[in-house]
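What follows is one structure encoded as structure tokens, with my remarks underneath.
The values are calculated or read from the model by the stated rules, or taken from the named source; none is laboratory data. Here the structure is a predicted model, which means the values were calculated and not measured. Ideal geometry is used to build each Cβ from the backbone, glycine not excepted, and the neighbour counts take in all protein chains shown. These area figures cover heavy atoms from the full protein model, side chains too; ligands, DNA and RNA do not enter into them. Shrake-Rupley method; radii C 1.70, N 1.55, O 1.52, S 1.80 Å.
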Amino acid sequence: MTSTVENLQHAAERKAFAVAIDKFLNHLDKSDVSERTETYLKLIDAAEKFWGKNGARKETLDKVREYVKNPENRWVKFINRVIDETDRNYAKKMLLNLGYEAFFRGTKMIRANREKYQCNIPWLILFDPTDACNMHCVGCWSGTYGHKHNLTFEEMDKIVTEGKELGTYLYMMTGGEPMVRKNDIFKLAEKHNDCFFGLYSNSTLIDEEVCKKVQKLGNITFMLSIEGTPDTNDSRRGEGHYQAVMKAMDLLKKYGIVFGTSICYTKANIEAVTDTKFIEFIAEKGARFGFFFHFMPVGNNAVPELMPTFEQRKKMIDKIRWIRTGDNNLGFFPMDFQNDGEFVGGCIAGGRNYFHINANGDAEPCVFIHFSNTNIHEHHILEMLQSPLFMAYHEGQPFNRNHLRPCPMLENPELLREMVDATGAHGTNSESEESVEQLCSKCDDYAAGWAPIADEIWASQKHYKKAYENYSREKIEHPELAAFEHVDGSDRIESADEKRA
Ligand code: SF4
């Protein structure tokens, strides 16, 4: 629990940030680049001071300062563009909640609590308000839950209240379709108006009324599911879905709401969703960021044949990294959940950076790992983080020193088998239970086939600091700044299987 003095200090700090943000937004002069550069530099100074000696290294921050000083830098231009096109009230709330609360203050609290409690403390918590959905996508595990579980408003409130005590100010929701519970979600965002919420949505329930409400609240964003062309999209998600996404994008853009995409890449759609024209198109529609997810063969109705081929995965790595280079000017920042492990120190689950609470209240290490020893109905968030399976994640991360093989399920299935057996975690899908053996046996051939290819790619690349790997063992750099730190191949981390040897 935080003390009165801490609460007063927090309120004063937030107010000071709000005044600074107001000043910045009220004096936005689109032609005055130098004024913006000054503001960004002041923010970096403030971050350095705020995080103190446990923050990012001075050399790292100096590199960021260099980037910021160049107004022609692609990502500086990108940030300026997002600020210009975003509704002012929304921009202020986003900067306060995502910037000050989650990035500045939350990061500091999380780092202190990791030390204090000797367990993972996450930067974000993902939960499912419901497993009900108005669609029936091919291969979606959500349908196997039976579409009948819901978290009550009080349970969602408990998640956020307890998460904030530990320093977590970012919450994402999936399901099911979270917008089925839009009234409770709006109530939650209103009550916790110091947090930021991201909703993975199928777009179908986003209308003018929703956009007006979200614009006013200012602390909700959407990640819209889309899978390429109308054909590749609707063949998995159902006829008419593509048009629903287009409509939602137009509305969100019109109301100045920042939004992104959520793209599950499969053997069938990977060419379409990585096509430069497709990325250009969704950027024009207003999407500014996107999460790409490798198809996972999770659940009894999974279609393992949809898993991308190794050749496709190799191309995926190259394409996403190319989109992030300065060799193009796409107004879109992509993140690849399966291939970007290097930038976040490997697997981020089990509360290391995030974990998942399903609509039945079970806390799972990851949205793809349906095993648990703990439930929100009985336990505090801290107890969940200290539960046996979460502690096995804490002790085991990173699961592979080759961060192109990060997952204890997909690329290292023997490790998930071991962890689930050793901790007695139970399956969380009571409607259609899948044993750890059933799940992992779908990944064995994939893991064995991908290992030599991933090791070859890994050996040929430059890599990031090896200290940035495990919160439990080594002091690490700030994850959000790690992308600025390269080391060359001579400091390359050990061979892929060394950790287990
Ligand atoms: S468990 Fe696998 S899919 Fe989930 S965060 Fe870890 S590496 Fe990624």
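Quick check, is residue 332 open to solvent by 10 Å² or more (accessible area, probe 1.4 Å), of a type outside the set (Ser, Thr, Tyr) and touching a residue at least 40 places away in the same chain (Cβ under 8 Å)? It would help to see each step written out before you state the result.
Numbers: open to solvent by 10 Å² or more (accessible area, probe 1.4 Å): no; of a type outside the set (Ser, Thr, Tyr): yes; touching a residue at least 40 places away in the same chain (Cβ under 8 Å): yes.
No: the conditions fail for residue 332.
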* Mind checking whether some residue in the range 410-422 is charged (D, E, K, R), away from the ligand (no atom under 16 Å from the Cβ), under 23 Å from residue 446 (Cα atoms) and over 20 Å from the mean Cα position of the chain (by Cα)? -> yes
* Any chance you could count how many residues in the range 243-295 are within 16 Å of the ligand (Cβ to nearest atom) and open to solvent by less than 10 Å² (accessible area, probe 1.4 Å)? => 6
* **Residue that is farthest from residue 168 (Cα to Cα), among those in the range 358-368 that are in a strand (DSSP E or B) and in contact with a Ser or Thr (Cβ under 9 Å, 6 or more places away or on another chain)** => 362
* Asked: For the range 370-388, does any single residue satisfy the condition of being within 14 Å of the ligand (Cβ to nearest atom), in a loop (DSSP other than H, G, I, E, B) and either touching a Phe, Trp or Tyr at 6+ places or on another chain (Cβ under 8 Å) or open to solvent by less than 20 Å² (accessible area, probe 1.4 Å) (or both)?
  -> yes
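Collect the residues in the range 309-349 that are part of a loop (DSSP other than H, G, I, E, B) and in contact with a strand residue (DSSP E or B) (Cβ under 6 Å, 6 or more places away or on another chain), keeping them in residue-number order.
Initial filter on the range 309-349 (part of a loop (DSSP other than H, G, I, E, B)): 309, 324-332, 337-340, 345-349.
Scanning the range 309-349 gives 337, 338, 348, 349.
Look through 60, 39 and report the one residue that is more than 28 Å from residue 160 (Cα to Cα), over 24 Å from the mean Cα position of the chain (by Cα), among the hydroxyl-bearing types (Ser, Thr, Tyr) and surrounded by 15 or more Cβ atoms within 10 Å (Cβ to Cβ). Step through it out loud before you land on a result.
On the way: 60 fails: over 24 Å from the mean Cα position of the chain (by Cα).
The conditions single out 39.
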* Criterion (modelled with pLDDT of 95 or more and not aromatic (Phe, Trp, Tyr)) met by exactly one of 386, 397 -> 386
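Residue under question is residue 399, and the condition is that it be in contact with a Pro (Cβ under 7 Å, 6 or more places away or on another chain), within 16 Å of the ligand (Cβ to nearest atom), at negative phi and assigned to a loop (DSSP other than H, G, I, E, B); does it hold?
Values: in contact with a Pro (Cβ under 7 Å, 6 or more places away or on another chain): yes; within 16 Å of the ligand (Cβ to nearest atom): yes; at negative phi: yes; assigned to a loop (DSSP other than H, G, I, E, B): yes.
Against the criterion (in contact with a Pro (Cβ under 7 Å, 6 or more places away or on another chain), within 16 Å of the ligand (Cβ to nearest atom), at negative phi and assigned to a loop (DSSP other than H, G, I, E, B)), residue 399 qualifies.
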* Near pairs, Cβ below 7 angstrom, 6+ apart or cross-chain, from the range 101-117 (farther than 11 Å from residue 168 by Cβ) to any residue that is modelled with pLDDT under 95 and among the polar types (S, T, N, Q) -> 111/54
* Structure fact -> Restricting attention to the range 402-443, the residues that are outside any helix (DSSP H, G or I), closer than 15 Å to residue 300 by Cβ and out of contact with any Pro (no Cβ under 7 Å at 6 or more places or on another chain) number exactly 9
* Structure fact -> Within the range 343-352, restricting to residues that are within 12 Å of the ligand (Cβ to nearest atom) and more than 13 Å from residue 367 (Cα to Cα), the one that is surrounded by the most Cβ atoms within 10 Å (Cβ to Cβ) is 352
* **Residues of the range 423-438 satisfying the condition of being within 16 Å of the ligand (Cβ to nearest atom) and among the small types (Gly, Ala, Ser)** => 425, 427
* Report yes if some residue within the range 212-235 is within 16 Å of the ligand (Cβ to nearest atom), assigned to a loop (DSSP other than H, G, I, E, B) and more than 26 Å from residue 89 (Cβ to Cβ); otherwise report no. => no
* Structure fact -> Subset of the range 407-466, residues exposed (fewer than 14 other Cβ atoms within 10 Å of the Cβ) and of a type in the set (A, V, I, L, M, F, W, C), comes to 422, 448, 459
